[in-house]
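The values are calculated or read from the model by the stated rules, or taken from the named source; none is laboratory data. Keep in mind that this is a model prediction, so the values were computed, not measured. Every residue, glycine as well, gets a Cβ built from its backbone with ideal geometry; the counts of neighbours run over all protein chains shown. Quick note on the areas: whole protein, heavy atoms, side chains included, nothing else; ligands and nucleic acids left out. Shrake-Rupley method; radii C 1.70, N 1.55, O 1.52, S 1.80 Å.
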Amino acid sequence: MTRGSGRRLPPTGRARWTSPPPDWPGLGGRPALEAPGSLAAMADAMSADLPTDAVWVGWSLGGLLAGALLAYLPPPRGLILLGMGERFCDPEGVSTAELAAFRRAFARDPVATLAHFHRWQLGGEPGPREAYRRLCALLDGGPAPDPATLDAGLAWLGSLDISTDRANADCPMVRLAGSRDPLLAPTAIATADRVLENAGHCPMLSRPAALAETLMALAAEPHPRRVLQAERVPS
């Protein structure tokens, strides 16, 4: 569930994963839902792709959706939220007003707005230009995301709050954040269960090996514990 952009982790990051990450409806060439904004419809569409005997990893909006789907689907062995807090909008990060402005820009020109976002989200990576080159290579020639699905995703970013879901979850739910994520508020980074140093919102593009090792370490913990000091992974 790391395919927020409809693409997988680079090869280094998926070498030892046992299951390929599924595409969300409307992304990666998968047919869109008739009602893209329906969580119930999303849960029904994803139920066969989300095994319970597994640790789910949800990146960005994918993490927020995975947390929300716990109210509809049997719980997995654990859920790791990558690059996402219990909610997206935050006055110290991306504010509600900023998200609303982005949605208006997307309605006017989806292609240009999405291209701008691709660069913006990479601002915290140690090599943003190289990360952008890798992202473009991954997206090159792939199916375009469904516009209605993207718009529904933007609406979810503004409305979903999984703090209650996390508190009541029947499985461990932990947060992993890049130390320089430009989309997260400083508090959201500081309160993450793990912090990947020298990384931004897209560590799968800038630090894939370190990300994969951290994810596997988290997945191996039967009951992920809170780390009081940011875990530093050597560059």
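Before moving on, here are some points about what is shown:
- For the stretch 42-66, the set of residues classified as assigned to a helix (DSSP H, G or I), among the hydrophobic types (A, V, I, L, M, F, W, C) and surrounded by 15 or more Cβ atoms within 10 Å (Cβ to Cβ) consists of Met42, Ala43, Ala45, Met46, Leu61, Leu64, Leu65, Ala66, listed by residue number.
- Yes/no for Arg103 being in a helix (DSSP H, G or I) and not polar (S, T, N, Q): yes
- Flag if Arg226 is at pLDDT 90 or above and charged (D, E, K, R): no
- Qualifying residue in the stretch 135-143 (condition: at pLDDT below 95, surrounded by 13 or more Cβ atoms within 10 Å (Cβ to Cβ) and among the small types (Gly, Ala, Ser)): yes
- Residues that are of a type in the set (D, E, K, R) and within 27 Å of His118 (Cα to Cα) were ranked within the stretch 137-176; the one that is farthest from the chain's Cα centre (by Cα) is Asp140.
- Members of the stretch 178-193 that are of a type outside the set (A, V, I, L, M, F, W, C) and either out of contact with any helix residue (DSSP H, G or I) (no Cβ under 9 Å at 6 or more places or on another chain) or open to solvent by 10 Å² or more (accessible area, probe 1.4 Å) (or both): Ser179, Arg180, Pro182, Pro186, Thr187, Thr191, Asp193
- Cβ pairs under 6 Å, 6+ apart, first in the stretch 14-34 and closer than 16 Å to Pro147 by Cβ and open to solvent by 30 Å² or more (accessible area, probe 1.4 Å), second of a type in the set (A, V, I, L, M, F, W, C) and at pLDDT 70 or above: Leu33/Ala41
- Top-ranked residue in the stretch 70-89 [being of a type outside the set (Lys, Arg) and either in contact with a Pro (Cβ under 9 Å, 6 or more places away or on another chain) or not in a loop (DSSP other than H, G, I, E, B) (or both); ranked as nearest to Ala45 (Cα to Cα)]: Leu70
- Residue count for the stretch 67-109, restricted to those that are in contact (Cβ under 8 Å) with a residue 12 or more places away in the chain and open to solvent by 70 Å² or more (accessible area, probe 1.4 Å): 10
- Residues of the stretch 163-186 satisfying the condition of being of a type in the set (A, V, I, L, M) and modelled with pLDDT under 95: Ala167, Ala169, Met173, Val174
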